[in-house]
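The values are calculated or read from the model by the stated rules, or taken from the named source; none is laboratory data. A quick note: this is a predicted structure, and the numbers were derived from the prediction, not measured. Here the Cβ is made from the backbone with ideal geometry for all residues, glycine too, and neighbour counts use every protein chain on show.
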Amino acid sequence: MIVTISMEYGTGATAIAAAAAAALGYEVIDDQLPVVVAKRLQISERAVEAAEDSRRSIGERMMTGLELATPEVLSAPLPENFDETMLRAVQTAVREYAARGNIILLGRGAGVILGRRPDLVRVFLHAPRAWRIERIAAAIGDAKLATVEVDRIDAARRAYIKDWYGERWGDVERYDVLVDVSSFGLDGAAGLIVASVRARRDA
């Protein structure tokens with residue numbers, strides 16, 4: 001089975017995914033994916049992460065990629081259609097990881113890339129904006145910065161899905177399970193994911 005998790009910023013998705021993966025005996029795929037893409041495109045991992053921020057223009061994203069791709073890593077000029085090349089590399093990596101099974105894929109439009117299929121549970125983690133801001137503020141000690149980051153990252157994720165896939169991020173029709181983390185807590189959310197995977201597997 002495969003689980004994809006899309007999330008609003010501040011919902012604790014990393015911890016939730018780790019708890020669910022431990023209960024299921026699955027592997028969480030998060031930081032590994034940029035590493036794979038970076039190696040294939042011969043650029044830095046930071047360039048991969050920067051290119052995913054579709055709140056900036058294509059030119060701005062390409063310039064960031066050029067700035068972050070060090071001479072030791074970048075062995076060839078970036079193609080003119082760098083964004084499309086990056087997108088295809090991400091899609092290929094997601095599909096290759098999915099082929100292994102027993103994984104939880106975090107973000108990067110994995111649920112959209114893989115589509116509806118019987119061995120897939122697509123999860124969307126959400127919570128009220130105020131709850132998420134309070135949670136982030138408690139972690140970083142800065143309520144103003146927490147507010148800015150919650151809004152900025154949510155907007156970037158929404159734009160990424162719209163720009164590249166023409167879909168609405170958080171659309172209830174695009175997910176199998178939607179969890180309000182503020183209602184269930186991190187452990188409860190992980191438990192719901194585990195129960196959903198087992199129910200789908202046994203169906």
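What is the number of the single condition among (1) loosely packed, with under 14 Cβ neighbours inside 10 Å; (2) touching a helix residue (DSSP H, G or I) at 6+ places or on another chain (Cβ under 9 Å); (3) of a type in the set (D, E, K, R) that R132 does not meet?
It is condition (1) that R132 fails.
Is there any pair linking a residue in region 1-25 that is surrounded by fewer than 20 Cβ atoms within 10 Å (Cβ to Cβ) to one that is of a type in the set (S, T, Y) and in a helix (DSSP H, G or I), with Cβ under 9 Å and at least six apart or on different chains, and which?
Correct list of pairs: empty, since none qualify.
In region 163-196, which residues are over 17 Å from G115 (Cβ atoms), assigned to a helix (DSSP H, G or I) and out of contact with any helix residue (DSSP H, G or I) (no Cβ under 6 Å at 6 or more places or on another chain)?
D163, S183, F184, G185, D187, G188, G191, L192, A195, S196
Please go through (1) surrounded by 14 or more Cβ atoms within 10 Å (Cβ to Cβ); (2) closer than 23 Å to A189 by Cα; (3) out of contact with any strand residue (DSSP E or B) (no Cβ under 6 Å at 6 or more places or on another chain); (4) of a type in the set (D, E) for E167 and return the number of the only condition it doesn't satisfy.
(2)
Considering each residue of region 121-135, count those that are hydrophobic (A, V, I, L, M, F, W, C) and under 24 Å from R200 (Cα atoms), and give that number.
Total meeting the criteria: 4.
Considering only residues that are closer than 17 Å to A127 by Cβ, touching a residue at least 12 places away in the same chain (Cβ under 8 Å) and of a type in the set (A, V, I, L, M, F, W, C), which ones fall in region 173-203?
Across region 173-203, the qualifying residues are V177, L178, V179, V181, L186, A189, A190, L192, I193.
In region 26-36, which residue that is in contact (Cβ under 8 Å) with a residue 40 or more places away in the chain and in a loop (DSSP other than H, G, I, E, B) is nearest to A110 (Cα to Cα)?
D30
Quick check: is even one residue across region 177-185 closer than 17 Å to A15 by Cβ and loosely packed, with under 13 Cβ neighbours inside 10 Å?
Yes: region 177-185 contains one or more residues that are closer than 17 Å to A15 by Cβ and loosely packed, with under 13 Cβ neighbours inside 10 Å.
With respect to V73, is the statement that it is at pLDDT 50 or above and among the β-branched types (V, I, T) true?
In short, no.
Answer with yes or no whether E149 is surrounded by 14 or more Cβ atoms within 10 Å (Cβ to Cβ), assigned to a loop (DSSP other than H, G, I, E, B) and over 14 Å from the mean Cα position of the chain (by Cα). Talk me through it step by step, then tell me what you get.
Values: surrounded by 14 or more Cβ atoms within 10 Å (Cβ to Cβ): yes; assigned to a loop (DSSP other than H, G, I, E, B): no; over 14 Å from the mean Cα position of the chain (by Cα): yes.
When the stated conditions are applied, E149 does not pass them.
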